C-alpha cells in the first residue's frame, strides 16, 4: 500500500509547488514533454511494467503470453485483439515473458497519460487525479484496456488540436489492444464542428472496416457474456458517479470553461455520455458492460478538475483551496478503494519483480 501512496503523494507535492500552465485557450499544438514528465513516464513504466502478481486478472494475462509462446506469428495476428496478441508473441519469442508485455503496455499508457496531462492547464493536478483509479486500478489491473486508454488519450490530444485523422489512427491502434475502443470513433464526428458531413462519411467507413476486422467474430460472444449473462460489476455505481460529477460540473457551468469550440464539443459529449451511462446502469442488469464502456470516459475527470480552480475561483486563495479540495477528494477515493473495495486485495501488497 505504501507504494501507491508514494505515487499519489509525488503527484500531490508536484501539483502544490507547480504553477498553472500559461496559454490556455489554444489547443492547436501539442506541448512537448520536458525532463520532469519523462521522469514520470519512466517511473510509471517501471511500476506498471515490473509489478508482480498485482491486479485481479494477473493469471489471465500470464496465460496469454504462455499460449502466445506456443503459437505462430500469423496465428497471433489473426487472433482477437491482434496488437496485444502480437506483443505477447514477440515478448515470448524474445524470452521476456509477461514482463516484456507489461513494460511496453506501461510505456504506451504512461506516454499517453503524460501527453494528455501536459495538454491541460494544471497538468500536475490532472496527474494526481489520475493516480487513484486510472493508474493504480486500470493501468495496473486491466492491461489491455489500460494501453487502449493510453492510445485513446493520445488521440484525444490530437482531436483537441483538430487533427481528426490522427485521432482515428490512435483509436484504431487502441482497438488492436481492446476492441471496445471502437466505441470512441463516433466521438470524432460529434466533436468536429467543421466539415461534419464529410467527417461522418470517412469516419463511418473506417468504423465499418474496423468492425469487420476486429469485432464481427466476437459480437455474439460479447453479447452473451456481458448482456445475456448479466454480469455484475461491484462498485460500478461509485465509479460511474465519479465520471458523472465532473460531467455535471461541465454541463452546469459550461460557459465558464474556456475551451476552444471543437474542444468544447468534445468534452460536452463526454459529459453527456457519462450521464447517460449512469442512467443506463440503473436500467440494465449487465453492469459490467456499462462499467467497461465508462472507462473510456475517465479522461473527463482529468480535464474538468484541471480546469476547475481557474473556472470557479475568483482569487488566488480560492484557487488554492479548490486545488486542495480536489486533492483531498482523490486522496479519499484512493483510501476508500485500497481499504474497502471488494477486489483491492488483488493489488495488495504491491510487489516489484526486480526486488
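The values are calculated or read from the model by the stated rules, or taken from the named source; none is laboratory data. Quick caveat, the model's predicted, so the values are computed rather than measured. With ideal geometry, Cβ positions are generated from the backbone for all residues, glycine too; neighbour counts draw on all protein chains shown.
Report whether or not residue 42 is modelled with pLDDT of 95 or more, exposed (fewer than 14 other Cβ atoms within 10 Å of the Cβ), on the phi < 0 side of the Ramachandran plot and under 20 Å from the mean Cα position of the chain (by Cα). Quick ask: steps written out before the conclusion?
Values: modelled with pLDDT of 95 or more: yes; exposed (fewer than 14 other Cβ atoms within 10 Å of the Cβ): yes; on the phi < 0 side of the Ramachandran plot: yes; under 20 Å from the mean Cα position of the chain (by Cα): yes.
Yes: the conditions hold for residue 42.
Could you list, in sequence order, all residues of region 115-130 that are assigned to a helix (DSSP H, G or I), more than 11 Å from the chain's Cα centre (by Cα) and crowded, with 24+ Cβ neighbours inside 10 Å?
Start the filter on region 115-130 by keeping residues that are assigned to a helix (DSSP H, G or I), which leaves 115-118, 123-130.
Right, trim to more than 11 Å from the chain's Cα centre (by Cα) and you get 115, 117-118, 123-129.
117, 123, 124, 125, 126, 127, 128, 129, listed by residue number.
Within region 311-324, the set of residues being surrounded by fewer than 12 Cβ atoms within 10 Å (Cβ to Cβ) and in contact (Cβ under 8 Å) with a residue 40 or more places away in the chain is empty. Residue count for region 325-344 satisfying the condition of being touching a residue at least 24 places away in the same chain (Cβ under 8 Å) and either touching a helix residue (DSSP H, G or I) at 6+ places or on another chain (Cβ under 9 Å) or surrounded by 14 or more Cβ atoms within 10 Å (Cβ to Cβ) (or both): 10.
Do we find that residue 355 is within 27 Å of residue 6 (Cβ to Cβ), part of a helix (DSSP H, G or I) and out of contact with any helix residue (DSSP H, G or I) (no Cβ under 9 Å at 6 or more places or on another chain) in this structure? Give the derivation first.
On the way: within 27 Å of residue 6 (Cβ to Cβ): yes; part of a helix (DSSP H, G or I): no; out of contact with any helix residue (DSSP H, G or I) (no Cβ under 9 Å at 6 or more places or on another chain): yes.
Answer is no for this residue.
Residues of region 301-324 that are in contact with a helix residue (DSSP H, G or I) (Cβ under 6 Å, 6 or more places away or on another chain) and outside any helix (DSSP H, G or I): 313 alone. When residues in region 81-100 are screened for being farther than 16 Å from residue 354 by Cβ, touching a residue at least 12 places away in the same chain (Cβ under 8 Å) and assigned to a helix (DSSP H, G or I), 11 of them pass. Residue 88 meets each of the listed conditions (1) more than 17 Å from the chain's Cα centre (by Cα); (2) over 24 Å from residue 289 (Cα atoms); (3) surrounded by fewer than 24 Cβ atoms within 10 Å (Cβ to Cβ) apart from (3).
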